[in-house]
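The values are calculated or read from the model by the stated rules, or taken from the named source; none is laboratory data. The structure presented is a predicted model; accordingly, all values stated were derived computationally and were not measured. Please note: Cβ atoms are built from the backbone with ideal geometry, for glycine as well, and neighbour counts cover all protein chains shown.
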Amino acid sequence: MLNRLAEAASLVAPLAHPNLGIVADLFHMALEELDIPAAILENSTLIGHVHLADSNRRLPGLGTTDFKQVFNSLSRIKYSGWLALECDEPGNNLVHAAWNLDHLQECLAMIRQAF
């Protein structure tokens, strides 16, 4: 089992294939990494995709992950790949759609500020 970006990188890097990379899954990184921004910086050349979810699997900003630092790290490495939301919001998302949309607008503003 691979728990940290460095562990995934140790398997992927020796293959040196241009179409092979690692996923920075922020929910799992919140559980396993000691320093998420440092892990992003240290494995920057292999990050090919980013999953956004907070430490509690909710929308970014609703848990303990410091997304401002995360987005700043992604900006520093000039990450230009996809950012995919991989969240689970409790309750009926149709009922909470307006609030979720407002919150996502705040997240986008934070991303734009970092980049």
In segment 24-115, which helices (runs of 4 or more DSSP H) lie fully inside it and hold 2 or more residues that are within 20 Å of Glu7 (Cβ to Cβ) and modelled with pLDDT of 90 or more?
26-32, 36-42, 67-76
When you scan segment 63-76, do you find a residue that is touching a Cys at 6+ places or on another chain (Cβ under 8 Å) and surrounded by 14 or more Cβ atoms within 10 Å (Cβ to Cβ), even just one?
yes
Please go through segment 21-65 and give me each residue that is acidic (Asp, Glu) and under 13 Å from Glu86 (Cα atoms), ordered by number.
Asp25, Asp54
Can you tell me how many residues within segment 41-60 are acidic (Asp, Glu) and in contact with a Cys (Cβ under 8 Å, 6 or more places away or on another chain)?
1
Does Leu41 satisfy the condition of being under 21 Å from Arg76 (Cβ atoms), touching a Pro at 6+ places or on another chain (Cβ under 7 Å) and in contact (Cβ under 8 Å) with a residue 24 or more places away in the chain?
no
Just give me the residues in segment 81-100 being free of Cβ contacts under 8 Å to residues at least 24 places away in the same chain, surrounded by 10 or more Cβ atoms within 10 Å (Cβ to Cβ) and not small (Gly, Ala, Ser), in sequence order.
Asn93, His96, Trp99
Looking at segment 72-97 only, could you name the residues that are under 18 Å from His28 (Cα atoms) and touching a strand residue (DSSP E or B) at 6+ places or on another chain (Cβ under 9 Å)?
Leu74, Trp82, Leu83, Ala84, Leu85, Glu86, Cys87
Which one of these is polar (S, T, N, Q) and loosely packed, with under 13 Cβ neighbours inside 10 Å: Asn3, Asn56?
Asn3
